[in-house]
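One structure is given here, and the rest of the page talks about it.
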Amino acid sequence: MDPQKEAQVIESHKNPFLMAQQQCDDCARVLSLEPDVHEIIRVPMREIHVYIPVRMDNGFIKVFEGFRVIHNDALGPAKGGIRFHPDETIDTVRALSAWMTWKCALLGLPLGGGKGGVICNPKEMSEGELERLSRGYISKIWQFIGPDKDIPAPDVYTNPQIMAWMMDEYSKIVGKNQFGVITGKPPLIGGSLGRNDATARGGLYVVREAAKVRGLDLEKASVAVQGYGNAGYYTASLARKLLGCKIVAISDSKGGIFNEEGFDPQAVFDFKKRTGSVVNFPNAKFVSNEELLELDVDILCPCALENVITEKNAPSIKAAIVAEFANGPTTPEADEILYEKGIHLLPDFLCNAGGVTVSYFEMVQNFSMYYWDEEEVYERLDKKISAAYYSVLGTSSEYKVNMRQAAYVVAVKRVAEAMKLRGWV
Ligand code: GLU
């Protein structure tokens with residue numbers, strides 16, 4: 001690689017937004033996209049930057065920095081989660097908002113892409129502090145969100161309780177119950193059944209179809225799961241329950257565990273709850289997060305953060321299927337290496353789109369004031385996400401591009417068409 005290109009690659013690994021732009025540029029090349037469309041979709045449409053004063057338990061005020069970014073709303077109101085994370089940056093939120101645009105478009109949802117973030121460490125905050133921060137964030141951005149403008153949801157380190165406080169704060173400000181302003185709420189106050197494990201479930205429906213295509217027997221398949229938060233835990237337990245797979249490796253930020261006989265995901269989850277980590281789980285060999293990615297397993301599931309599969313470790317990845325439950329785990333250079341090696345990559349904005357798809361169902365239920373049972377949610381999710389998988393697979397062979405580029409092609413075409421119909425270009 002020439003030194004200038006190499007410098008760009010290194011820089012983009014540190015910055016997810018540069019990576020998202022690089023993916024977008026690659027897609028523009030594959031599609032011979034009109035320059036006007038390309039120019040617009042490379043950047044977000046709106047960015048809100050707020051400072052949120054919160055009264056802490058020690059009696060003093062602490063000011064937190066937060067963001068909400070709308071990447072594109074050509075297909076409908078913006079949609080996307082809110083992350084509470086100590087390492088949050090505006091560029092991460094920009095990248096994630098763009099990925100939401102592509103995710104919603106790929107799944108055929110009438111929604112655009114947005115994302116929010118607050119720089120904080122929820123692990124070090126009391127329940128009261130978290131509630132005041134959640135309400136404070138909404139009081140700073142409420143003018144810009146709403147069921148027909150932008151609808152937030154949970155993401156890393158945010159949960160249904162936080163969504164409940166946020167919905168309540170918004171409802172108080174506008175003077176009426178507005179359940180549809182936010183999704184991922186507890187079912188009693190407008191949440192959808194099946195939302196909690198929707199990201200994992202949707203991804204596993206995709207894995208099921210991919211296994212059919214690749215001729216992989218899931219009952220005999222071994223799985224490694226990187227990251228044991230909400231997505232990781234549900235991925236491991238449903239992979240076992242729904243698909244019959246064996247979960248041989250699990251990790252969290254402190255390290256990982258391996259046992260070729262397989263783990264009981266619930267027991268590992270309970271152990272992590274008790275001790276703070278999966279590490280030291282009985283009868284397991286320690287593996288680092290790096291080693292976990294290179295294990296000789298059938299299915300590798302990155303379920304944590306961005307940038308974990310790069311051109312450095314991609315050549316050593318042995319899994320037949322890499323299912324991206326996290327957002328942005330693989331760099332564009334690594335994508336190409338995995339593709340050349342014949343590894344079947346299920347890209348993030350396909351594989352983890354189950355969350356936003358059930359969020360969309362939640363909005364529909366809020367609007368109609370009529371709530372579905374779990375089976376109906378699962379069935380509709382299965383239909384939508386399986387169809388999206390086959391459209392990406394077909395596009396990958398039609399354009400002779402890797403699965404991520406194929407997913408981009410499907411999504412960008414739809415957004416470009418909507419922009420044209422609306423007269424933006
Ligand atoms: N945060 C999730 C995602 O990245 C869900 C977004 C939503 O439900 O709106 O897809």
#### Entry: Qualifying residue in region 102-112 (condition: away from the ligand (no atom under 14 Å from the Cβ) and either of a type in the set (Lys, Arg) or surrounded by fewer than 23 Cβ atoms within 10 Å (Cβ to Cβ) (or both))
yes
### Summary
Exactly one of 155, 150, 168 is modelled with pLDDT under 95 and either farther than 26 Å from residue 252 by Cβ or of a type in the set (Asp, Glu) (or both), and that one is 155
### Summary
Filter region 367-387 for residues that are within 16 Å of the ligand (Cβ to nearest atom), surrounded by fewer than 24 Cβ atoms within 10 Å (Cβ to Cβ) and within 25 Å of residue 156 (Cβ to Cβ); the one that is farthest from the chain's Cα centre (by Cα) is 377
### Query
So which residues in region 177-189 are within 14 Å of the ligand (Cβ to nearest atom) and surrounded by fewer than 24 Cβ atoms within 10 Å (Cβ to Cβ), if there are any at all?
180
### Task
Report yes if some residue within region 314-324 is within 16 Å of the ligand (Cβ to nearest atom) and within 17 Å of the chain's Cα centre (by Cα); otherwise report no.
yes
### Message
Condition check: among the basic types (Lys, Arg) and without any contact (Cβ under 8 Å) to a residue 60 or more places away in the chain. Does residue 68 satisfy that?
### Response
no
### Query
With region 205-288 as the region, which strands (runs of 3 or more DSSP E) entirely inside it contain at least 1 residues that are surrounded by 13 or more Cβ atoms within 10 Å (Cβ to Cβ), charged (D, E, K, R) and modelled with pLDDT of 95 or more?
246-252
### Message
Checking residue 127 against (1) within 20 Å of the chain's Cα centre (by Cα); (2) away from the ligand (no atom under 15 Å from the Cβ), only one condition comes out false. Which one?
### Response
(1)
### Query
Pairs, please: C-beta under 6 Å, at least 6 apart or cross-chain, first residue in contact (Cβ under 8 Å) with a residue 12 or more places away in the chain and in region 272-283, second of a type in the set (A, V, I, L, M, F, W, C)?
272/278; 278/250; 278/257; 278/268; 281/257; 281/268; 281/271
### Options 338, 345; residue that is more than 16 Å from the ligand (Cβ to nearest atom) and surrounded by 24 or more Cβ atoms within 10 Å (Cβ to Cβ)
345
### Task
Can you tell me which residue within region 75-87, out of those that are surrounded by 22 or more Cβ atoms within 10 Å (Cβ to Cβ) and more than 11 Å from the ligand (Cβ to nearest atom), is nearest to the chain's Cα centre (by Cα)?
84
#### Entry: Residues that are more than 18 Å from residue 199 (Cα to Cα) and assigned to a helix (DSSP H, G or I), drawn from region 365-382
365, 366, 367, 368
### Task
Restricting attention to region 14-68, report how many residues are surrounded by 14 or more Cβ atoms within 10 Å (Cβ to Cβ), more than 28 Å from residue 137 (Cβ to Cβ) and among the small types (Gly, Ala, Ser).
1
### Message
I'd like to check something: does region 124-140 contain any residue that is crowded, with 24+ Cβ neighbours inside 10 Å and assigned to a loop (DSSP other than H, G, I, E, B)?
### Response
no
### Query
Between a first residue in region 153-176 that is crowded, with 16+ Cβ neighbours inside 10 Å and a second residue that is of a type in the set (Gly, Ala, Ser) and in a helix (DSSP H, G or I), which pairs have beta carbons less than 6 Å apart while being 6 or more apart in sequence or on different chains?
153/359; 162/134; 165/134; 166/134
### Query
Could we say that residue 353 is within 23 Å of residue 410 (Cβ to Cβ) and either within 16 Å of the ligand (Cβ to nearest atom) or buried (at least 24 other Cβ atoms within 10 Å of the Cβ) (or both) here?
yes
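The values are calculated or read from the model by the stated rules, or taken from the named source; none is laboratory data. All values derive from a computational prediction rather than experimental measurement. Note: ideal-geometry Cβ built from the backbone for every residue, glycine included; neighbour counts use all protein chains shown.
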